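Peer 1: Here you go, one structure.
The values are calculated or read from the model by the stated rules, or taken from the named source; none is laboratory data. Keep in mind that what you see is a predicted model, and the values were worked out from it rather than measured. Only protein heavy atoms, including side chains, enter the accessible area calculation; ligands, DNA and RNA are left aside. Shrake-Rupley method; radii C 1.70, N 1.55, O 1.52, S 1.80 Å.
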Amino acid sequence: NTHANRKRVCIRRTKPTKVILVVVAMEVELQAILRVPAAWNTVQIAGGYELFVCESCQQQLDFLESVGKNEEVAGAEKTTVIGVVQSGIGNVAGALAAQAVMLGWGRKIDAVVSLGVAGALQSDLLPGDVMLAT
């Protein structure tokens, strides 16, 4: 019987991995994210940036989702990779850090979450103040 020697092969389809880059301005913001227990790996990026990478990071996704309603973050699952980089204060510093990671990490980034790098246009806003855009 020729059918007896055939093996059945099952292919399990998995959702593609999503990659989220989080850009923070200050050390205190970086530490708030890194404080959540996870297996963080460090990747050195050209320009002197240190990228903290979590390959399996559901708790970090819950934290980021609580910060703002980003559709890419809200729809993410455990197959999500998060990279966190500290840029320094200001929108130019944030843009430079994001660009360096996008060029140097070697992964396609699906979403960028910016925390604390907007740069204030009002004199009464100070570092550490929370401002949410709607």
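Peer 1: Inside the stretch 55-71, can you point out the residues that are over 13 Å from Leu21 (Cα atoms) and either at pLDDT below 55 or in a loop (DSSP other than H, G, I, E, B) (or both)?
Peer 2: Listed by number, the residues that qualify are Ser56, Gln58, Gln59, Val67, Gly68, Lys69, Glu71.
Peer 1: Restricting to the stretch 18-54, give me the number of residues that are assigned to a loop (DSSP other than H, G, I, E, B) and either among the hydroxyl-bearing types (Ser, Thr, Tyr) or open to solvent by less than 10 Å² (accessible area, probe 1.4 Å) (or both). Don't jump to the end; show me each part of the working.
Peer 2: The initial filter retains those residues of the stretch 18-54 that are assigned to a loop (DSSP other than H, G, I, E, B), namely 25-26, 35-39, 46-48.
Next, from what is left, pick out any that are either among the hydroxyl-bearing types (Ser, Thr, Tyr) or open to solvent by less than 10 Å² (accessible area, probe 1.4 Å) (or both): 25.
Total satisfying the criteria: 1.
Results for (1) outside any strand (DSSP E or B); (2) within 18 Å of Glu50 (Cα to Cα); (3) modelled with pLDDT under 85; (4) open to solvent by less than 70 Å² (accessible area, probe 1.4 Å), shown as yes or no for each residue.
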residue: Val73; (1), (2), (3), (4): yes, no, yes, yes
residue: Ala93; (1), (2), (3), (4): yes, yes, no, yes
residue: Ala98; (1), (2), (3), (4): yes, yes, no, yes
residue: Met102; (1), (2), (3), (4): yes, yes, no, no
